[in-house]
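Working notes for the structure below.
The values are calculated or read from the model by the stated rules, or taken from the named source; none is laboratory data. Because the structure is a prediction, the values reported are computed rather than measured. Because the Cβ atoms are built from the backbone with ideal geometry, glycine has one as well, and the counts that use them run over all protein chains shown. Ligands, DNA and RNA are stripped out before the accessible areas are found, and what is left, the full protein with its side chains, is counted by its heavy atoms. Shrake-Rupley method; radii C 1.70, N 1.55, O 1.52, S 1.80 Å.
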Amino acid sequence: WKPFVDPCIELFGANRCLFESNFPVQKRWCSYQVVWNAFKRLASGASAQEKEALFSTSAIRAYRISGMPAVC
């Protein structure tokens, strides 16, 4: 996924990108652990602030979730 994901994050920035999955539908193709580990590997070179955006704050903002603490 890296050749597809990295250019998007570079172009739009971590504050406008987020990791998501299609579980439980996606379970037909792979486990949640495999997807989560792929996300962690994709974000391995990101700063702590970028990781927080990719895994948390971008989704909180995009989905207008209130009262949800940012977690990374």
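Scanning region 6-18 for residues that are open to solvent by less than 100 Å² (accessible area, probe 1.4 Å) and over 24 Å from Arg64 (Cβ atoms) turns up Asp6, Pro7. Do we have any residue at all in region 29-43 that's in contact (Cβ under 8 Å) with a residue 40 or more places away in the chain and within 13 Å of the chain's Cα centre (by Cα)? Yes: region 29-43 contains one or more residues that are in contact (Cβ under 8 Å) with a residue 40 or more places away in the chain and within 13 Å of the chain's Cα centre (by Cα).
Picking from residues in region 27-72 that are in contact with a helix residue (DSSP H, G or I) (Cβ under 7 Å, 6 or more places away or on another chain) and exposed (fewer than 14 other Cβ atoms within 10 Å of the Cβ), the one that is modelled with the lowest pLDDT is Cys72. Of the set (1) open to solvent by less than 70 Å² (accessible area, probe 1.4 Å); (2) part of a helix (DSSP H, G or I); (3) without any contact (Cβ under 8 Å) to a residue 40 or more places away in the chain; (4) among the polar types (S, T, N, Q), all apply to Ser21 but (2).
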